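K.L.:
Sending over a structure as structure tokens; questions will come in a sec.
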Amino acid sequence: VELIVIHHTHNNKNFDEIKQDHLKRGFEDIGYHFLIDKKGKLIKGRDEKFIGAHVLGFNKNSLGIALIGNFDKEKPTSKQIESLINFLKLRLKQHNLNLNSIKGHNFFNKNKSCPGKNLNVREIIKKVKG
């Protein structure tokens, strides 16, 4: 793992609904390795030993984490932000990565708003840094 890519789900569907959407699109499993629900609960998605399906061209060396919600229209909950920060701190340490390894999906595709205008990756990184 060289990158951790942050996403939003663009909707408020639950894990099972998101997984079914991904399977209908032809994915082998849910595309994200982890999700965070509105209450801040970290949900395991695709097993980390398998390549994700969340950022075209960069799946092979990245972990994908998605917060449930559409952050172009709403703000993530404080519990989601807290859980994301804790997740990032743990994974950076686990994979011996630095803060530059954290990216929003839109870093790789400028035509995408993901993880949404109301989820500021730079602010998240500042909070991870402490």
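The values are calculated or read from the model by the stated rules, or taken from the named source; none is laboratory data. Keep in mind the model is a prediction, meaning the values are calculated, not measured. No Cβ is skipped: glycine too gets one built from the backbone with ideal geometry, and neighbour counts run over all protein chains shown. The protein model used for the area step is the full one, side chains on, heavy atoms only, and it has no ligands, DNA or RNA in it. Shrake-Rupley method; radii C 1.70, N 1.55, O 1.52, S 1.80 Å.
K.L.:
What number of residues in region 44-68 are in a strand (DSSP E or B) and surrounded by fewer than 17 Cβ atoms within 10 Å (Cβ to Cβ)?
P.N.:
Looking only at that region, the number is 1.
K.L.:
Give me the residue from region 3-33 that is among the polar types (S, T, N, Q) and open to solvent by 60 Å² or more (accessible area, probe 1.4 Å) and, out of that set, farthest from Asn118 (Cα to Cα).
P.N.:
Of region 3-33, the ones among the polar types (S, T, N, Q) are 9, 11-12, 14, 20.
With open to solvent by 60 Å² or more (accessible area, probe 1.4 Å) added as a condition, the list becomes 12, 14, 20.
Values: Asn12: 15, Asn14: 20, Gln20: 26 Å.
Looking at residues that are among the polar types (S, T, N, Q) and open to solvent by 60 Å² or more (accessible area, probe 1.4 Å), I get Gln20.
K.L.:
Within region 39-60, which residues are of a type in the set (D, E, K, R) and touching a His at 6+ places or on another chain (Cβ under 6 Å)?
P.N.:
Answer for region 39-60, where residues must be of a type in the set (D, E, K, R) and touching a His at 6+ places or on another chain (Cβ under 6 Å): Arg46, Glu48.
K.L.:
Give the residues of region 95-130 that are surrounded by 14 or more Cβ atoms within 10 Å (Cβ to Cβ), at pLDDT 95 or above and touching an Asp or Glu at 6+ places or on another chain (Cβ under 6 Å), sorted by residue number.
P.N.:
Within region 95-130, Gly116 is the sole residue that qualifies.
K.L.:
Going through region 69-94 one residue at a time, which ones are open to solvent by 10 Å² or more (accessible area, probe 1.4 Å), more than 24 Å from Lys49 (Cβ to Cβ) and of a type in the set (S, T, N, Q)?
P.N.:
Residues satisfying the conditions are Asn70, Thr77, Ser78.
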